[in-house]
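Scroll down for the structure; my scribbles are underneath it.
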Amino acid sequence: MSPDKRVRSLVLLGLLVTLISACAASASVAPYPRASCDAASPVFALKVNGRSVDVVHFTDYHYAYFSFDGPASLAVTVNEVIKTHDISPHSLRIYGRAVGRTLSCTIRPGVLTPNYLVIQINSLEKLVVLADPLETDLPPAVGKGIYNVAAPPYNADRTGATDVTSVLQQAIDDAGSAGGVVYVPPGVYKVTKTLMIERDDINLYLAGGAVIKASESRADYEGSDFTRHVIRVQNVSNVSIRGRGVIDASGFSLFDKTFNEETKKYEGRRGVIRADDCTNYTVEGITVKDGTTWAFTVYTSEHVLVRNVKVLNYKDVGGYKIQNDGIDICASRHVRVDKCFVMTIDDPLCVKATDENQRMYDVLMTNNVLFTSCAGQKSGMQAHSEMRDIWFVNNDVLQCRRGIVVEATTGSCLMSDIHYLDIRVEKQIPSSTGAEKNIDFVARTASQSDVEISRVTFEEPHESRFDIRKPNSVSKVSINETFVGNEKIESAGQFRETGDGELGSLAFDAGETMSVLYFTDVQSHQHRRDIEALALRGIITGVSASRFAPEDKLTRADWIMLLMRVLRLEGNATESFTDVRPSDYFAREVNTAKALGIIEGDAASFRPRDPIMRRDMMLFASNASRSAGLPADGLDSLTESGMVTRAEGAAVAHRILVQRLAHQVGSASEK
């Protein structure tokens, strides 16, 4: 290389380094200050893009919390030379570089899996790094419809020195009178009774640095009130709890640490948030801390969104076996739990049919990061009403005893249509309740059917089991592309069978299974949730692996395919149209729709590739719903002119799917 070229190369390299450094420096980082009620970590110091971020010491681990828009360079410094380190989730492929006492790595805004990391350095206690996207749609601290608890007329003490339960409750009640935002600014707010949200249209907003903190002294409570939840949400619509603040139950300080031999549990356990009989309920961004019973529960509710919620509980299984589940969705429907983090002892993510005569379906738990000593992801134990259409998708289980669990130990209703897709399980440990298991079916009181396990990896090989008791059975189980260690699961002989119940059909790599789809062009689209709900079920596909093309026109053939898949319609397909060839990807669905009367008339052509008009969309949808034995509720709300986009088609198809599921489960419960 000539001197001139070498100089030019060095100049270009310098410009590139400067550009990269400028981009990194321009990334915004918003750290949240350590609250006065939290202990500073004596072990870890953290800088993000050169900016110090507080690290909190909680029980036997440490955590740091901030928001960013990436990329972000992390520098973790400890008080000893770093010899070994590990950064989970391993699926993020963040390897880090250790020099002396500092471990450095880089994170970027997440696509599917969030930037919730568990870092192990040498044999030190674990460091949890919780990095969220920057907040959007922040409410103002003052103004019309804003009830700021620290401002007049409330003037809540922000130091944690005095009990402000009644003040916070008054602000919640005032907001409920006309609908509004209860604004909790940074500070510590001591409470000694359960805060009740019992009116519609309330948004409880906790700013970063705000902590609603239950008193750690039993003397501050009346009777056994300390065992109740910090917040109860009951029989309301359009309620949200969001922000970057913390709700701290002080559970570990309050519960009785003497084991009760009669009840076989510890007494005085405490939850954090419980919701009952809610519609359009959203919890987003907050941290739920220190529950010693089920920390975050949703009962008998529908249309629920839980996103970017962090659950931080006591996790040392060698100390106390606390039944402190993380997120439990119970007897509810149309629920999405997305991009959450749970660190706890007991089950972190559960779907439970806890209540009789309560429909339990359409639950999606996706893109979550989990750390536990029990079941990584569980359907059950309760089967008191029929459970179906349950999805665990793209979750990372960093530690557990049992990786994937389908379990019925109370209740006798069928559990079916359950899916575990694209799951990674890292470390597994034994506990007082038993040895490690990769996959565990337990059908002691109810039968299980139509369970799919696809593209699941267990880093460690352990036993898998079917535990079935008469008269119950397990049938129609499909296991695809699933590995334990380096060994693929491909035969029944790799499972241990116990009990005297019946194990039905068990298929391995029986056919194509859908992948987790991430469409980069729908992330801010109003119909994003509809599109993703259908994509995760394999009902709809994109124009490529990463693009959905939401504004492209929906074709007549693709609308028929959507209807047939959403309603699970089948029939005898005969060649019906001159412009539909047997080799066309839509031939079977279009011809079947003609045979079922969904496509009316005697026309020889169908024009399958033409954009569908709203008039025909409404007609086909009404006919298909009636063919499936469903009412065509709401379909007549479509206008009768104009063409339809792919996104609009997905929104209507999802609405029809919701109606089908409601009718299907409702009919079954009436028998």
>> At a 10 angstrom cut-off on C-beta neighbours, averaged per residue, how do the peptides 53-62, 280-289 rank from highest to lowest?
In response: 280-289, 53-62
> If you average the sequence gap of Cα pairs under 8 Å that are 6 or more apart and divide by the length of segment 227-299, what percent do you get for the contact order?
Replying inline: 43
> Given H placed 1.01 Å from N in the peptide plane, which residues other than close sequence neighbours of GLY110 have an amide H under 5 Å from its amide H?
Replying inline: ASN115
> THR293's amide H: which non-local residues (gap 5+, or another chain) put their own amide H closer than 5 Å, with H modeled 1.01 Å from N in plane and none for Pro or chain starts?
Replying inline: ARG270, GLY271
>> I need the phi-derived Karplus couplings for segment 424-441: 6.51 cos²θ - 1.76 cosθ + 1.60, θ = phi - 60°, integer Hz, Gly and Pro marked x.
In response: 10, 10, 8, 8, 10, 10, x, 9, 5, 8, x, 8, 5, 9, 6, 10, 9, 9
> Taking only C-alpha pairs under 8 Å that are 6+ residues apart, what is the relative contact order of segment 120-259 in percent?
Replying inline: 21
>> Given points 7 Å out from each Cα along the Cα-Cβ axis, report the ASP509 to THR263 separation in nanometres with one decimal.
In response: 5.1
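Would segment 425-479 count as rounded, prolate or oblate if I go by the C-alpha gyration tensor, calling it rounded below 1.5 in a/c and otherwise prolate when a/b exceeds b/c, oblate otherwise?
Taking the square roots of the gyration eigenvalues as a ≥ b ≥ c, segment 425-479 is oblate.
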>> What would the Debye equation give as log₁₀ I(q)/I(0) for the chain at q = 0.10 Å⁻¹, counting only Cα atoms as equal point scatterers?
In response: -1.02
> Where does the chain land at 222 nm, in deg cm²/dmol rounded to the nearest 500, when only DSSP H runs of n ≥ 4 count, each adding -39500 (n - 2.57), divided by all residues?
Replying inline: -5500 deg cm²/dmol
>> What does the extension gain come out to for GLU125 and SER91, with contour length at 0.36 nm per residue minus their alpha carbon separation?
In response: 10.1 nm
> Taking θ as phi - 60°, what are the ³J(HN,Hα) couplings along segment 401-407 by the Karplus curve (6.51, -1.76, 1.60), each to the nearest whole Hz, with x for Gly and Pro?
Replying inline: 9, 10, x, 10, 9, 10, 9
> For the chain, what's the relative contact order in percent, using C-alpha pairs closer than 8 Å and at least 6 residues apart?
Replying inline: 6
> How far apart, in nm, are two points set 7 Å out from the Cα along the Cα-to-Cβ line at GLU600 and at GLN323?
Replying inline: 5.7
> Using +1 on the beta carbon of Lys and Arg, -1 on that of Asp and Glu, and nothing else charged, what's the dipole of segment 517-658 about the Cα centre, debye to 20?
Replying inline: 280
> What are the aspartates and glutamates whose alpha-carbon lies under 16 Å from the alpha-carbon of LYS289, with same-chain residues fewer than 8 places away excluded?
Replying inline: ASP38, ASP60, GLU216, ASP248, ASP316, ASP325, ASP328, ASP346, ASP347
> Sorted by packing (mean other beta-carbon atoms within 10 Å per residue), highest first, where do 538-545, 643-650, 167-174 land?
Replying inline: 643-650, 167-174, 538-545
> Based on the alpha-carbon gyration tensor of segment 553-625 and its eigenvalue square roots a ≥ b ≥ c, which shape applies: rounded if a/c is under 1.5, prolate if not and a/b is larger than b/c, or oblate?
Replying inline: rounded
> What list of ³J(HN,Hα) couplings, whole Hz, do you get for segment 388-397 from phi and the Karplus terms 6.51, -1.76, 1.60, once you set θ to phi - 60° and write x for glycine and proline?
Replying inline: 8, 6, 10, 9, 10, 9, 6, 10, 10, 9
>> Taking amide H atoms as placed 1.01 Å from N in the peptide plane, list the residues 5 or more away in sequence, or in a different chain, whose amide H sits under 5 Å from that of GLU463.
In response: ASN438
> What does a probe at LYS144 reach in segment 168-212, counting residues whose amide N is under 19 Å from the point 7 Å along Cα→Cβ?
Replying inline: 174-183, 201-203
> Which of the listed residues, LEU563, GLY499, VAL522, is farthest toward the dipole's positive end in segment 494-575, when Lys, Arg count +1 and Asp, Glu count -1 at the beta-carbon?
Replying inline: VAL522
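Laboratory data are not the source of any read-out in this text; all were calculated from the coordinates shown. Just so you know, these numbers come straight off a predicted model, no measurement behind them. Neighbour counts are summed over all protein chains in view; Cβ atoms, including those assigned to glycine, are modelled from backbone coordinates with ideal geometry.
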